[in-house]
1. Give me the Å³ per residue figure for the convex hull around the C-alpha atoms of the chain.
2. For Glu23 and Ala51, FRET efficiency with R0 = 35 Å and r from the beta-carbon atoms, rounded to 0.05?
3. Taking θ as phi - 60°, what are the ³J(HN,Hα) couplings along the range 46-61 by the Karplus curve (6.51, -1.76, 1.60), each to the nearest whole Hz, with x for Gly and Pro?
4. Dipole size in debye (nearest 20) for the range 6-56 around its Cα centre, Lys and Arg Cβ +1, Asp and Glu Cβ -1?
5. What is the set of long-range amide H partners of Arg21 at a cut-off below 5 Å, with H atoms built 1.01 Å from backbone N?
6. Could you compute the net charge surrounding Gly41? Neighbours are other residues with a C-beta less than 11 Å from the C-beta of Gly41; K and R count +1, D and E count -1.
7. Contact order normalised by length for the chain, with contacts defined as Cα pairs under 8 Å and 6 or more residues apart; what percent is it?
Amino acid sequence: MRYEHILVSADAGLATITMNRPERRNALSEAHMRELIAALGAAGDQSDTRAVILAANGPVFSAG
């Protein structure tokens, strides 16, 4: 799936989901939340995923 608001990577059982809207301080819009839910679901569907890291680009993690 192609994402507009997040970056996703996976390696050796570790999935990383990075919120990538620093200009909006990674505020959680409806579209952003849908992408996060989809990415978390996709990571959970992978049998080799052992952990998920939720990260953020920019000076703040999330403005809410």
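1. Working: hull volume 4.8 nm³, N = 64.
Taking the convex hull of the Cα positions in the chain, it is 75 Å³ per residue.
2. Working: r = 29 Å, r/R0 = 0.82.
E(calc), rounded to 0.05, equals 0.75.
3. After applying 6.51 cos²θ - 1.76 cosθ + 1.60, I find 7, 5, 8, 6, 9, 7, 10, 9, 9, 10, 8, 8, x, x, 10, 5 Hz.
4. Working: 5 positive and 6 negative charges, 45 e Å.
Dipole size: approximately 220 debye.
5. It is Asn26, Asn57, by chain and number.
6. Working: positive: Arg34; negative: Glu35, Asp45.
Charge balance near Gly41 sits at -1.
7. Details: 102 pairs, mean separation 27.7, N = 64.
Result for the chain is 43 percent.
None of the figures in this text is laboratory data; all of them are computed from the coordinates on show. The structure displayed is predicted, hence computed values, not measured ones. Cβ atoms come from the backbone with ideal geometry, glycine included; neighbour counts cover every protein chain shown.
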